[in-house]
Structure formats: C-alpha cells, structure tokens
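Q: Dumping the structure here so I can ask a few things about it.
The values are calculated or read from the model by the stated rules, or taken from the named source; none is laboratory data. Just so it is clear, the structure is predicted and the values come from calculations on it, not from any experiment. Using ideal geometry, Cβ is built from the backbone for each residue, glycine included, and neighbour counts are taken over all protein chains shown. Protein only, heavy atoms only, side chains kept; ligands, DNA and RNA dropped before computing areas. Shrake-Rupley method; radii C 1.70, N 1.55, O 1.52, S 1.80 Å.
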Amino acid sequence: MIEKIKTEVVLDFNLGNEEDLKDTIDEMRAYTKEYENDKVSLLSLKEISHDLSSEKRYEIILEIERDTENLGRIYESEEEKLFGFYEDDE
C-alpha cells in the first residue's frame, strides 16, 4: 500500500543565491526520509511576506511517498540519510 504524508515547513532564509536555497531544500528532502525507499517530493515553494530585508521567508510543502510493503532499511542516523548506507550494512 502506498502511503502519502505531507509536511509543511516555514523557512527563514538569509539572502543568498538560488543555488543555496536549492541545496537547503535538497537537504530537507533527505532529512525527511525515514526509510530507504521513501520518495520525497517538493509540492510547493512559496515566498511569504516578511519584514526583515536581510532574509526571505518561504513556505515549503514536502510529500513523502512510502510503500508500506517495501520500506527498505530504516535510517538510523543523519549521515545515512545524506550519504546512504555503508557497503558493510547491505
């Protein structure tokens, strides 16, 4: 069975370039995963009005798609989420 979970995040982002924002969202997608076969998609990225001129505020909606019959291994650390499992773990 496919399970879909939506997560909303409000991000205050110091002014940088678009590549920095993209990298931050990629890291958020990686950290959102709990299982090896989770698929995390960016559903929405919307800039919210904000008073501080040195940063922007974004509303980000992520969707986790999880096949409950094929979860894969559970991530036990943040390093595994970012870099994958060690070869010895397979």
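Q: Compute the distance in nm between two label points, each set 7 Å from the Cα along the Cα-to-Cβ direction, one at Glu69 and one at Asn37.
A: 0.9
Q: Using the Cα centre as the reference, give the magnitude of the dipole from point charges on the C-beta atoms of the chain (Lys, Arg: +1; Asp, Glu: -1; all else neutral), rounded to the nearest 20 debye.
A: Dipole size: approximately 560 debye.
Q: Rounded to the nearest 10 degrees, what's the angle between the helix 18-32 long axis and the longest principal axis of the chain, both from Cα atoms, 0 to 90?
A: 40
Q: Separate question: Pop out the carbon and sulfur fraction of the accessible area of the chain as a percent, whole number, probe 1.4 Å.
A: Here it works out to 44 percent.
Q: For the range 33-45, what does the Karplus curve 6.51 cos²θ - 1.76 cosθ + 1.60, with θ = phi - 60°, yield as ³J(HN,Hα) per residue in whole Hz, taken in order and with x for Gly and Pro?
A: Here the 3J(HN,Hα) series is 5, 10, 10, 3, 9, 5, 10, 10, 10, 8, 8, 8, 9 Hz.
Q: Using the heavy atoms of the protein chains alone and a 1.4 angstrom probe, what is the accessible area of the chain per residue in square angstrom?
A: 72
Q: Length gain on complete extension for the stretch Ala30 to Glu3, per 0.36 nm per residue less the alpha carbon to alpha carbon distance?
A: Contour length minus the Cα-Cα distance gives 7.9 nm.
Q: Semi-axes of the equivalent ellipsoid of the chain: what are they in whole Å, largest first, if each equals the square root of 5 times a C-alpha gyration tensor eigenvalue?
A: Semi-axes from the Cα gyration tensor: 29, 16, 8 Å.
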